[in-house]
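Quick note: the coordinates plus some simple rules give every number you see, no bench work behind them. For clarity, every value in this text was computed on a predicted model and none was experimentally measured.
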Amino acid sequence: MDENNNTENKENMTPQQPVESAGDVMSVGTPSAETPSDEDGELPAESSPQSKSEPTVIVSGGAASSVEYATFMQRFVAVFIDGFIFFLLAMLFGFIFGDDNVFGSLIGLLAWVYAVFMLVKYGATLGKMAVGIKVQDINTGENIDYISAILREVVGKLLSSAIFSLGYLWMFWDNNKQCWHDKLAKSIVVKAK
């Protein structure tokens, strides 16, 4: 291939822009004569796609849309509500069946099953629904699947709890407001529309 022709094509490309496709998000450059570039065919730093913090574009049902991430407080209150529900269940089981460690373990297992099922089926637990947030796949905008939900709720949340719960605080520094368990499951938490 001719090297001059290849350089000319690089000079005529605009920065990567997300476009919609049937069920996927993909980035493509489009030819443009007005794209600024230096002699090497590279974009100046101020127009580089990596230098801008743009909202994530999610394709859901074939239409692209930007997302508004859930806040730390929304996520915290949702976890508190879900925890309170299971606290009440544990109290009820303890009252009915006596103080037994087996029922405590069953409540913990039930909490994981509940979270996985609710995220796959509805995209949110009761606590998340109450505060108006949901969990979705970062690439498709759809509810996460069972594998992702298990990775997020079981493995990922154990990792997020390690090292002084740094994984939960990670959302403060992350562009997509993802905690470690979100990153592991390739999910994001957004405000429900």
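Structure notes:
- Cross-link table 157/183; 121/183; 134/186; 121/177; 128/191, entries beyond 18 Å C-alpha to C-alpha: 121/183; 121/177
- Overall Cα dimensions of the stretch 147-193 - principal axes, largest extent first, Å: 33, 26, 13
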